[in-house]
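Engineer: The structure follows.
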Amino acid sequence: MKNDKKGVVPIYDSMFKKILTLSARAVIGLINGLFGTDYPPDSTITYNWTENHDDNLKRTIADTILTINGRHSYHMEAQMYEDEEIEFRVFDYGYRYALREGAGEDILRFPEPRVIQLYRHNGMPDTKTLILDFGIQGSFEYKIPVFKLLEHSIEELSRRRMIILIPFMLLKLRDSLKKERTLENMEALRKLVLDDIISVINENQRAGNITAADAGRLRRLIRKLYGHLYAHYEELAEGGLNDMMEEALVLDIDIIEDEITKRVTKQVTAQVTEEVTAQVTAEVTEEVTKRNKEDTIKKLYSKLKDAKQVSELLDLPMETVEKAL
């Protein structure tokens, strides 16, 4: 992303990088929906992060190229503001990647590119094109398709299993609420978050398209973006909408995951982000399974009043049943 608005672009850049470190199942859903592929949800993802350093020697992630099953690579660039140089940067990143990966070969294999446009800009073409002129050898058009997020519905993103882009749908009402905070606009925001976005996340969690840990992280990202975009408006705070959003977006399981994430991160600070994510996801899933099992035991016992019978029906040791009670 082009950092031409201090304090604004970094939040979107950071969020985009974070959604790409969700579970493999969730990320593969995005790849399939965005590029028209059909990779199985348990496919292997290799992260080809590259880094830059600014004038203060602060390390930043420069681009996002993912390789699926060790064979095919995909380059995604999220764009929040108009950037006339986006096609040059995408080509440059792709060229550098091809050089690194093709060392010793006489062929440069570029990753498949996509620009994900997060803002409304009616003049943006569906494809950005860069002409490569090789003189007497002729010219070649390097084409970069543009996915204009806000021109798609939440239902379509869900159908195409591009669930991890859902937090950015909060941007749909940014311009209208910036202009005025009418009761109608505020109700539209409430409906967008609670009735549409959160509902779709829950549905996809139940369907197994994303994990419980994914759902929790998406809710936290939505909460963060809501705070950035809307929480500062007095009308939303006074009208109770901010409190309503806080209650809806912070669940017990999210608190559990946050605690586990902090503990795991301290233990494995030398590991890369995706390894930490995998461990957190496994532990959160285990905790959710444990709590669901305990709830089932309690509900069945409240009807039967017989721990032994509950143990036999659920095929669980008496020790497990008694501990849950």
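Engineer: Give the carbon-plus-sulfur fraction of the accessible surface of the stretch 119-229 in %, rounded to a whole number; probe 1.4 Å, heavy atoms of protein chains only.
Structural biologist: Whole-percent figure for carbon plus sulfur exposure: 48.
Engineer: Still on this structure: Does a label point 7 Å from the Cα of E84, set along Cα-to-beta-carbon, have any residues of the stretch 119-139 with amide nitrogen under 17 Å, and which are they?
Structural biologist: 122-125, 128-131
Engineer: log₁₀ I(q)/I(0) of the stretch 284-325 at q = 0.28, 0.33 Å⁻¹, via Debye over equal Cα point scatterers, no solvent, to two decimals?
Structural biologist: With one equal scatterer per Cα and no solvent, log10 I(q)/I(0) is -0.94, -1.18.
Engineer: Write down the accessible area per residue of the stretch 109-170 in Å², having rolled a 1.4 Å probe over the full set of protein chains.
Structural biologist: 52 Å²
Engineer: Also, I was wondering about something else. Using each residue's phi in the stretch 181-190, evaluate 6.51 cos²θ - 1.76 cosθ + 1.60 at θ = phi - 60° and report the 3J(HN,Hα) Karplus result to the nearest Hz, with x for Gly and Pro.
Structural biologist: So the J values, rounded to whole Hz, are 9, 7, 4, 5, 5, 5, 5, 4, 5, 4.
Engineer: Still on this structure: Which of the residue pairs K17/K323; K191/K305; K18/K178; K17/K299; K17/K178; K224/K298 have a Cα-Cα distance greater than 32 Å in the structure shown? Intermediate values should be presented prior to the final figure.
Structural biologist: On the way: K17/K323 41 Å; K191/K305 43 Å; K18/K178 26 Å; K17/K299 41 Å; K17/K178 26 Å; K224/K298 36 Å.
Exceeds cut-off: K17/K323; K191/K305; K17/K299; K224/K298.
Engineer: Amide H neighbours of E112 under 5 Å, at least 5 residues apart or on other chains, H built in the peptide plane: list them.
Structural biologist: S73, Y74, H75
Engineer: Amide H neighbours of A78 under 5 Å, at least 5 residues apart or on other chains, H built in the peptide plane: list them.
Structural biologist: Sorted by chain and number, the residues that satisfy this are I116.
Engineer: What percent antiparallel are the DSSP beta bridges of the stretch 85-160, to the nearest 5?
Structural biologist: Of all bridge pairs located within the stretch 85-160, approximately 70 percent are antiparallel.
Engineer: Right, something else. Whole-Hz Karplus ³J(HN,Hα) for the stretch 105-118, in order, using 6.51 cos²θ - 1.76 cosθ + 1.60 and θ = phi - 60°, x for Gly and Pro?
Structural biologist: Going residue by residue, I get 9, 9, 9, 10, 9, 7, x, 6, x, 8, 9, 9, 8, 8 Hz, with x marking Gly and Pro.
Engineer: Scan around K128 for amide H atoms under 5 Å from its own, H built in the peptide plane at 1.01 Å from N, and keep only partners 5 or more places away or cross-chain.
Structural biologist: Under 5 Å from the amide H of K128: I144, V146.
Engineer: Okay, moving on. Extension gain E235-S153, at 0.36 nm per residue separation less the Cα-Cα distance, in nm?
Structural biologist: That pair, E235 and S153, stretches by 26.8 nm at full extension.
Engineer: Then there is this: Between A307 and L99, what length comes free when the chain is fully extended (0.36 nm per residue of separation minus the Cα-Cα distance, one decimal in nm)? Don't skip to the end; give the middle numbers.
Structural biologist: Numbers: separation 208, 0.36 × 208 = 74.88 nm, distance 6.53 nm.
The A307-L99 span can extend by a further 68.4 nm.
Engineer: Give the calculated FRET efficiency between I131 and I107 to the nearest 0.05, with a Förster radius of 22 Å applied to their Cβ-Cβ distance.
Structural biologist: It comes to 0.55.
Engineer: Continuing with this model, one more query. In nm, to one decimal, how far is the modelled label at H228 from the one at N292, with both set 7 Å along Cα→Cβ?
Structural biologist: 3.2 nm
Engineer: Give me the dipole magnitude in Debye, nearest 20, for the stretch 115-224 about the Cα centre, with unit charges on the beta carbon: positive for Lys and Arg, negative for Asp and Glu.
Structural biologist: 500 debye
The values are calculated or read from the model by the stated rules, or taken from the named source; none is laboratory data. Computed from a predicted model, the values in this text were never measured in an experiment. Reconstructed Cβ throughout: ideal geometry from the backbone, glycine too, with neighbour counts over all protein chains shown. Keep in mind that these areas ignore ligands, DNA and RNA; they rest on the heavy atoms of the full protein, side chains included. Shrake-Rupley method; radii C 1.70, N 1.55, O 1.52, S 1.80 Å.
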